[in-house]
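> So that we are looking at the same thing, I have put the structure below in structure tokens.
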Amino acid sequence: MHPVHKTYAFILGLAVLFLALLPDALLAAPAKDNYRTYCAQCHGLQGNGRGVNIRDMSVQPRNHTDGAYMSSRSDQDLFTADKKGGLAIDKSVLMPPWGETLSDSEIHNMVRYLRTLCHCQYGKQ
Amino acid sequence: MDIRMPIRAVLLALAGLLSIAIHPADSRAADSPGMDLLKNRCASCHSLTGPAPASIHALWARKGPDFFYAGNKYQRSWIVSWLQHPVRIRPAGMFYADHLKPGPKRDMVDESTLRPHVALSKADAILAADALMTLKGHNDLIKMEHVAPGSISKSMGEMVFDKFLGCLACHRTDPDYGGLSGPELYTAGSRLRPEFIASYIRNPQAWDPKIWMPDKHVNDARIQQLVHYIESLNLGGSHASSP
């Protein structure tokens, strides 16, 4: 192998090792940024359920600032809906599964972020 | 310190090293006038070499669709026509959240933030189209697809697209019907190759890892139905002069 290529291979190996040792949580994008990218198209930039797409949707997206409703949903329900879609918790197919887009730790962070939008916890507003 | 900074630096270094290893500098297409045109007039907004954005911040910064797989994505005849008379395909721009303003009932597209696409002469459009057809990223994904010729009734197509899969939430099937955060699909039948439509529905993240289109685990039969439905919508050409 050419010495230059050896150097490349060495650096490549180091980089891959570095990435492999990183915990998933460190690679996660902040929940606020993920919300703006994936959720806001339907749930709105403010999380109020009034996204740019809603006019022709047959089922309207949840208002994430609605503490009364959001406190009736457990963190596990929110995690499942986010990862596997609305159908997984007997809700609308219009809520898609994000499990191939976001990691589990990103979805856990999203659940925590949703709790800041509704100013609520499961069982109490 | 933000931990993502060093990670991004390492990833960039890795991408650089890989691109040196994978793309030798003697590409023949690079010498063609069409490729020169792409490099001079298109590359500031469209990536000719990839990869697709690997972080959402890179996704937000992307100015136009990636072109490194244009030859597997677009139909040549559509490119030639569209480049002479460009019409917006993404109603809310390249990254929708950058082009919204609060409205009384819902977030609205802020048209004042959207810019028209440059138009090319017929000769340049042909040069660009021919050069784009040589960009064949993700050949592996395309080879896995087989779209059988066929048709689907309007009512069944709407049922699958809207009720079963919810695609209408983000995509328009008519100039004034459907969602706004995804590209319109009423001209997609003349714009896109059927195998690309199939592959992208099957696994959007294989093409564009951070894109805001979800992988809904759509099965083969449904994918065929969706491709036939999207082809049946085709209003390509008749909307070439609408805003």
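The values are calculated or read from the model by the stated rules, or taken from the named source; none is laboratory data. Because the structure is a prediction, the values reported are computed rather than measured. We place every Cβ from the backbone using ideal geometry, glycine too, and count neighbours over all the protein chains shown. Areas reflect the complete protein model, heavy atoms only, side chains present, ligands, DNA and RNA absent. Shrake-Rupley method; radii C 1.70, N 1.55, O 1.52, S 1.80 Å.
> Taking amide hydrogens as modeled 1.01 Å from N in the peptide plane, which residues meet the under 5 Å criterion relative to B:LEU100, leaving out close sequence neighbours?
Amide H neighbours of B:LEU100: B:ASP110.
> Hey, another quick one. For region B:122-170, what does the accessible surface come to per residue with a 1.4 Å probe? Please give it in Å².
Ligands and nucleic acids excluded, the figure is 54 Å² per residue.
> Just report the Cα centroid separation between region A:57-125 and region B:102-134, whole Å.
The two parts, judged by their Cα centres, are 34 Å apart.
> Suppose a student asked you for the relative contact order of region A:28-118, using Cα pairs under 8 Å spaced at least 6 residues apart; what percent would you report?
Over region A:28-118, the number comes to 29 percent.
> If you don't mind, there's one more thing I want to ask. What residues of region A:53-82 lose no less than 10 Å² of accessible area with every protein chain in place versus their chain by itself (probe 1.4 Å, heavy atoms only)?
Hits at the 10 Å² cut-off: A:ASN53, A:ILE54, A:ARG55, A:ASP56, A:MET57, A:SER58.
> Still on this model: Could you compute Rg(Cα) / (2.2 N^0.38 Å) for region B:20-139, with N its residue count?
Taking N as the residue count of region B:20-139, the ratio is 1.19.
> Oh, and also: Assuming R0 = 51 Å, can you tell me the calculated FRET efficiency for the pair B:ALA54 and B:SER153, based on Cβ-Cβ distance, to the nearest 0.05?
The formula returns an efficiency of 0.80 here.
> Taking B:LYS63 as the anchor, which aspartates and glutamates have their alpha carbon closer than 12 Å to its alpha carbon, excluding any fewer than eight residues away along the same chain?
Hits, sequence-local ones excluded: B:ASP98.
> With r defined as the distance between the Cβ atoms of B:LYS101 and B:LYS122 and R0 fixed at 41 Å, what FRET efficiency is calculated, to the nearest 0.05? Before the final figure, lay out each step's value.
Values: r = 37 Å, r/R0 = 0.91.
Efficiency for this residue pair is about 0.65.
> Same structure again: For region B:26-232, what does the relative contact order come out to in percent, with C-alpha contacts under 8 Å and a separation of six or more?
25
> Can you give the charge dipole size of region B:26-232 about its Cα centre, rounded to the nearest 20 debye, using +1 on the beta carbon of Lys and Arg and -1 on the beta carbon of Asp and Glu?
Once rounded to the nearest 20, the dipole reads 180 debye.
> Can you list the lysines whose alpha carbon is less than 18 Å from that of A:LYS83, not counting same-chain residues fewer than 8 positions off?
Within reach: A:LYS32, A:LYS91, B:LYS210, B:LYS216.
> List the chymotrypsin sites (Phe, Trp or Tyr not before Pro) within region B:163-221 that DSSP assigns to loop and that have no more than 12 neighbouring Cβ atoms inside 10 Å.
Taking region B:163-221 and a limit of 12 other Cβ atoms within 10 Å, no loop chymotrypsin sites (Phe, Trp or Tyr not before Pro) are found.
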